[in-house]
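In what follows, a structure is listed as structure tokens, so that the remarks can point back to it.
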Amino acid sequence: MAELLESTMLICFGLSWPMNLTKNIKAKSAKNMSLQFILLIIFGYVAGITAKIYTHRFNYVLVVYLLNLVVVSANVIVYFINRRYDRQTQKANTLLCKELSGKTENETLSETIHTSAPQKPHLSQGDDEMETYRELNSITEAGGVVLFGSNTFANLPLGELTQAYRITEPIYNRSIKDIRINQIENYLKVCLFDLNPRKIFVNLGDVDIKDESLDVENFISKYEWLLYMIHTKTQAEIYIVSIVSSSPEAAEINQRLQKLATQTGCHFLDATGALEAKRPTLRLFELIKVHMRNHPINYADAMTVGRLSNREREQVPNDGHSSPEPMGKPVNVRN
């Protein structure tokens, strides 16, 4: 019975590796692969196989060990193949840049020498925000709430919203405008890991869906890798916020994200209701703010929310055919 349970464990654990292998083959890039992690898993399997051989327990459990070892080892081969793809892509991009600029190799070298003098470096996408975020991180509190995303989150007036709703928990917006899912890895340390947050709200994809050649499978794969990185580097509770868009691509991705949240132990927040609101920004914040608090709402907070809700209803014209939009779910009041 013990051997049956052990083999069941190995089969359940090993089923994830063929899926991971397929995703890595499709990605054709080693940027989201960790060779050290793969080698560590291989070492674990080798140790298990060695233990079976040492105790002379040659049974079907050993076969499961060997099958898992073969599949995991295949990821090592794919890693080096994808590394070659990355080098070829980088080389092709370099040649393309030279062709577009119309410069010879000597001209490029000369330009490099002349520009080697100390000067303010050119800031690529997101780097200007990083300079600001690094300064702000020096005065932040650990254990706060972090919003991390692209344009939807970046456009939230977080200071005014937290003040209006009397949210006392430290909340920090570390979103980057026009960022795509495949560009975020270099920003995770500054935007998330350095803050040691208690909760993280992730909202990515609003820029990616504008690309007609978007590969949904690749997008979900990179999103899954992002969640894995957050899980391994922080102890934060993760909330995946849906893409706030009415496009069919967004609806499909949101369904996949909801399923991914269940698989990875995250929470999924459907914020698409903000699209139909008279005040989309306020409605979006209404949908996520109830999950930001670290304590139940008190009487004063409830009165503030009530006043804001009444003001919202007064500002929305009522033509007799539609009722004012509710401002979120009922909350329990603690005296």
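Placing pseudo-labels 7 Å out from each Cα toward the beta carbon at residue 25 and residue 214 gives an inter-label distance of 2.7 nm. Extension gain for residue 136-residue 194 works out to 19.8 nm (0.36 nm per residue, less the C-alpha to C-alpha distance). With a Förster radius of 25 Å applied to the beta-carbon distance between residue 53 and residue 77, the computed FRET efficiency rounds to 0.50.
The calculated FRET efficiency for the pair residue 37 and residue 278, based on their C-beta separation and a Förster distance of 35 Å, comes to about 0.15.
Count Lys and Arg as plus one, Asp and Glu as minus one, and take only other residues whose Cβ is under 9 Å from that of residue 243; the net charge is then -3. Every pair of different Cα atoms in segment 159-277 enters the Kirkwood calculation, which places the hydrodynamic radius at 15.2 Å. With neighbours defined as other Cβ atoms within 10 Å of a residue's Cβ, the residues 62, 4 order from fewest to most as 4, 62. Fully extending the segment from residue 169 to residue 267, taken as 0.36 nm per residue of separation minus the present Cα-Cα distance, adds 33.3 nm. Show me the chymotrypsin sites (Phe, Trp or Tyr not before Pro) within segment 34-64 that DSSP assigns to loop and that have at most 12 other Cβ atoms within 10 Å of their Cβ. Filter output for segment 34-64: 58.
Every read-out reported here was derived from the displayed coordinates using simple, explicitly stated rules and does not represent laboratory data. If you're wondering where the values come from, they're calculated on a predicted model, not measured in any experiment. Note that each Cβ is placed from the backbone with ideal geometry, even for glycine, and that neighbours are counted across all protein chains shown.
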